[in-house]
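Before any comments, here is the structure.
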Amino acid sequence: MLNTTLFKFLTQPVVGVALLTAVNAVVPSVSLAQGQPPLPATTQPPITPTQINTNYSLGGGDRIRVNVFEVPEYTGEYQIPPGGAINLPLIGSVSVLGLTTEQAADEIARRYARFLKRPLISVNLLSPRPINVFVAGEVTRPGAYTLSLSGGAGDNPGVQYPTVLAALTTAQGVTLAADVTQVELRRKVGRSSEQAVTVNLEELIQTGRLSQDITLRDGDTIVVPTATNFNVAKSRNIFASNFAASQTTPRTVTIIGEINRPGSYLVTPASTDAQSGATTTANSGTTTPNGLPNVTRVIQLAGGITAQADVRNLKLRRATRTGSEQAIDINLWQLLQSGDANQDIIVQDGDTIVIPTATEINPAEATQLATTTLSPTRIQVGVVGEVKKPGLTDVQPNSSLNQAILAAGGFNDARASSNAVDLIRLNPNGSVTKRIVKVDFSAGINEQTNPILRNNDVVVVNRSGLAKTGDTTNTITGPLGVIFNILRLFGI
């Protein structure tokens, strides 16, 4: 009687609260008793994604076993049809679509209760159906995919369901425009509601916490959003991850502006020379410090920058899956000066690189650029007319007009008009310009008397007045004759 009375006393709400308060006041927490301070906020475990329903919902294609205890003739195995209704003895059609095995057992028991006294029902999943998911957003190939389960099922509990990463890999990986911190997983719960959860795959990259890699269920939808702000470091991390687009897949990139050969280029995987250990590109043979498909590799494929390139203000335009465009600023001068590899953006299929024209050219910087891998090793200019070695001449990039004349042997003193020359330029847009340049061999590089030459420029050294008087004809044959014929067509 005493124990019963004491139990009733302790179970009164007010008394229970008072007793717990007294106990807490007497017994300190374990951490304080051991002299352990609480963890600072910075070391607290990261917040995990909102919990999503991980129960398995039955659907068409599942193979189940319905056990009716003590009535073995009603027990049997069933393949759930697409509509989700199975036909059971005595009670007929029962829909189990969207129900868990426990919910299905309860529904079947409710139906059998009309005919059996206290029916005991269990439902076991023998063979789950394939997982059909839809992957959208910033992935290489958005669309619907069927993912297989691995391991056993039913009697073998080792069945493994595919995860978010498996779905992204099947869709050939995320693009470099993706925001992998806000990947959304949508899941149908029951027969009518839907649940959504945000998955932070960046945390998976940084910490390896697999809690971010949620297992999938049939009917799930994964949406990879577009990043609102481009981050070079994060882009490189994505590129190196196993859920990104394949690093070895060729990608087509367009490069325009101040480049020697504007156009579209297929950037193929790099390979390593077994003997030298140098990394080379399969479609150019250009030696590079690494095999990454980056901006500098595209520049090399396109023949290098021109002398008028503004390497501080390159722009990379990247189309996104939303139909918008990311505009990424690139400063290759910073790469050359400080080794900031973040400026050497990794490209992806469909990118466009724009190299603008410099508003002002610093001769010292131009000379420095000519010695880098951004510039071609040599450019070709034509020096024709009254020079000692007329013809096509190979010179270093950013060579000046005076250097080209000297490379052609200098003026033919007896016949050359050495005061001025004609500079003819074939522009990238197909137009041709001609201007007269006064020659001053004592001047440094400048646009008026000693301009920097571009690839395919033609310098014409005219005859002096005395030479014109003595010549009755002046016939130019061979390749240079073709050049002059073209110039005549343009009226130059």
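Amide H of T226 versus every other amide H placed in the peptide plane: which residues, excluding those fewer than 5 positions away on the same chain, fall under 5 Å?
Amide H to amide H, under 5 Å and 5 or more residues apart or across chains, T226 pairs with D179.
T146 to F69: FRET efficiency via 1/(1 + (r/R0)^6), r the Cβ-Cβ distance, R0 56 Å, to the nearest 0.05?
The value I calculate is 0.95.
What is the gain in length, in nm to one decimal, between Q448 and R312 on full extension, counting 0.36 nm per residue of separation less the C-alpha to C-alpha distance?
46.5 nm
Residue by residue, what Karplus-based ³J(HN,Hα) values in Hz, rounded to whole numbers, does segment 182-188 have, using 6.51, -1.76 and 1.60 with θ = phi - 60° and x for Gly and Pro?
10, 5, 9, 10, 10, 9, 6
Long-range amide H contacts for A85: which residues qualify at under 5 Å (H placed 1.01 Å from N, peptide plane, sequence gap of 5 or more or a different chain)?
Under 5 Å from the amide H of A85: V96.
Check V387: other-chain or 5+ apart residues with amide H under 5 Å from its amide H, H built from backbone geometry?
When sequence neighbours closer than 5 places are left aside, the close amide H contacts are N412.
How much of the pair distance distribution for segment 376-431 lies past 17 Å, counting alpha-carbon pairs only, in percent?
Across segment 376-431, Cα pairs with separations above 17 Å total 39 percent.
Taking loop as defined by DSSP and a crowding limit of 13 other beta carbons within 10 Å, which chymotrypsin sites (Phe, Trp or Tyr not before Pro) in segment 68-127 fit?
Qualifying residues, ordered by number: F69, F115.
Could you tell me whether segment 63-127 comes out rounded, prolate or oblate from its Cα gyration tensor? Rule is a ≥ b ≥ c as square roots of the eigenvalues, rounded for a/c under 1.5, then prolate if a/b exceeds b/c, otherwise oblate.
prolate
Which ³J(HN,Hα) values in Hz, rounded to whole numbers, follow from the phi angles of segment 376-391 under the Karplus curve 6.51 cos²θ - 1.76 cosθ + 1.60, where θ = phi - 60° and Gly and Pro get x?
Result, rounded to whole Hz: x, 5, 9, 10, 10, 10, x, 10, 10, x, 8, 10, 6, 10, x, x.
Read phi for every residue in segment 258-266 and hand back ³J(HN,Hα) as whole Hz from Karplus 6.51 cos²θ - 1.76 cosθ + 1.60, θ = phi - 60°, with x for Gly and Pro.
Karplus-based 3J(HN,Hα) across segment 258-266 equals 7, 9, 5, 10, x, x, 9, 10, 8 Hz.
How high is the relative contact order of segment 340-424? Use alpha-carbon pairs under 8 Å, at least six apart in sequence, and give a whole percent.
Answer for segment 340-424 is 20 percent.
Go through segment 379-442 and name the trypsin sites (Lys or Arg not before Pro) that are in a DSSP coil and have 14 or fewer other Cβ atoms within 10 Å of their Cβ.
K388
Please state the shape class of segment 173-255: rounded when a/c is under 1.5, otherwise prolate if a/b exceeds b/c and oblate if not, all from the C-alpha gyration tensor.
Since a/c reaches 1.5 and a/b is larger than b/c, the shape of segment 173-255 is classed as prolate.
Only the coordinates and a few stated rules stand behind these numbers; no lab work does. Because the structure is a prediction, the values reported are computed rather than measured. Here Cβ is always computed from backbone atoms with ideal geometry, including for glycine, and neighbour counts include all displayed protein chains.
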